[in-house]
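Structure first, then comments.
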Amino acid sequence: MVRSTPPINMPTYLRLRDQICADIEDGCWRLGQRLTLHELSAHYRVSNVPVREALLQLQGDGMVDMRMNKGAVVRVVDARFIDEYFDVREVLQSLQLARACRSGQARTPQMRAGVGALLASLEEATRHGRVRELLAADDALQDHLARLAGHDQALGMQASRGRLLEAFRRARMPLWAPELEVLAAQGRAMLQALDHAEPAIAVEAVRRHVAASRAYMARLLKLPELPPPR
């Protein structure tokens, strides 16, 4: 997932929220792990107050479930989570890309160059079977395409759940599967839809891309987790 740099004047609890979120994604805190106020306060060297506020924010984002007087538990990614996530993602991405197709700004030379460079990285990683690079390039491309629509609400709805899914993915082997080959092809189709202002073609490319991504994550559910990072 693409991470933004927080503003210098951001309150401590919001900075802490973002740091905990990043650490979940990186595997420092595992999916399903219980997080106590004492443990987090000691780890981040802050008092309990900003930790509690950060956890409440993360609960609102769907990253953790709060427990009365027991801190929080990082949400688990299971088959239901994957299905629900990709159901919502398909709707939101279709909306975003169709909107981008109708935007003149989405067809500027700068946009075309940016998307083209990201797509080239994705296609190269696909050719060489480099799974982690492929998935990172695909995430970057999809994030860039979504931002072309300028729909901040849709972006926000996807962000936190997407980071949980990234944490789930990083905790397993970088398995090569046929579904991965589809991602670059549908990325190319999305770019062509933008070039020719064809919302219907864009929506179909999103549908195929999401179906491949869903199938790949379902494969990963059958793999054991890797040992936690040291």
So which residues in the range 50-81 are surrounded by fewer than 20 Cβ atoms within 10 Å (Cβ to Cβ), part of a helix (DSSP H, G or I) and touching a residue at least 40 places away in the same chain (Cβ under 8 Å), if there are any at all? GLU53, GLN57, ALA79, PHE81
Filtered residues of the range 193-228 (kept if open to solvent by 80 Å² or more (accessible area, probe 1.4 Å) and in a helix (DSSP H, G or I)): ILE201, ARG207, ARG208, ARG219
Does the range 15-36 include one or more residues that are over 18 Å from VAL73 (Cβ atoms) and either touching a His at 6+ places or on another chain (Cβ under 9 Å) or part of a loop (DSSP other than H, G, I, E, B) (or both)? no
Could we say that ARG163 is without any contact (Cβ under 8 Å) to a residue 24 or more places away in the chain, surrounded by fewer than 21 Cβ atoms within 10 Å (Cβ to Cβ) and closer than 27 Å to GLN59 by Cβ here? no
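Per-residue answers, yes or no, for (1) open to solvent by 30 Å² or more (accessible area, probe 1.4 Å); (2) without any contact (Cβ under 8 Å) to a residue 12 or more places away in the chain; (3) touching a strand residue (DSSP E or B) at 6+ places or on another chain (Cβ under 7 Å):
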| position | (1), (2), (3) |
| --- | --- |
| MET111 | no, no, no |
| GLY114 | no, no, no |
| LEU118 | yes, no, no |
| HIS128 | yes, yes, no |
| GLU133 | yes, no, no |
| ALA137 | no, no, no |
| GLN142 | no, no, no |
By residue number, the members of the range 146-187 that are more than 15 Å from the chain's Cα centre (by Cα) and closer than 14 Å to ARG219 by Cα are ARG172, MET173, PRO174, LEU175, TRP176, ALA177, PRO178, GLU179, LEU180
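Taking the criterion of being assigned to a loop (DSSP other than H, G, I, E, B) and under 29 Å from ARG214 (Cα atoms), would at least one residue in the range 98-113 satisfy it?
Yes, there is a match, as at least one residue in the range 98-113 is assigned to a loop (DSSP other than H, G, I, E, B) and under 29 Å from ARG214 (Cα atoms).
So, MET190, is that one more than 15 Å from the chain's Cα centre (by Cα), assigned to a helix (DSSP H, G or I) and not basic (Lys, Arg) or not?
It is true that MET190 is more than 15 Å from the chain's Cα centre (by Cα), assigned to a helix (DSSP H, G or I) and not basic (Lys, Arg).
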Considering ARG75, ARG102, ARG67, ARG89, which residue is within 14 Å of LEU37 (Cα to Cα) and not hydrophobic (A, V, I, L, M, F, W, C)? ARG67
Testing ALA177 on (1) in a loop (DSSP other than H, G, I, E, B); (2) more than 24 Å from PRO227 (Cβ to Cβ), one condition comes back false. Which one is that? (2)
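The values are calculated or read from the model by the stated rules, or taken from the named source; none is laboratory data. The structure displayed is predicted, hence computed values, not measured ones. Note that each Cβ is placed from the backbone with ideal geometry, even for glycine, and that neighbours are counted across all protein chains shown. The area values use the complete protein model at the heavy-atom level, side chains included, leaving out ligands, DNA and RNA. Shrake-Rupley method; radii C 1.70, N 1.55, O 1.52, S 1.80 Å.
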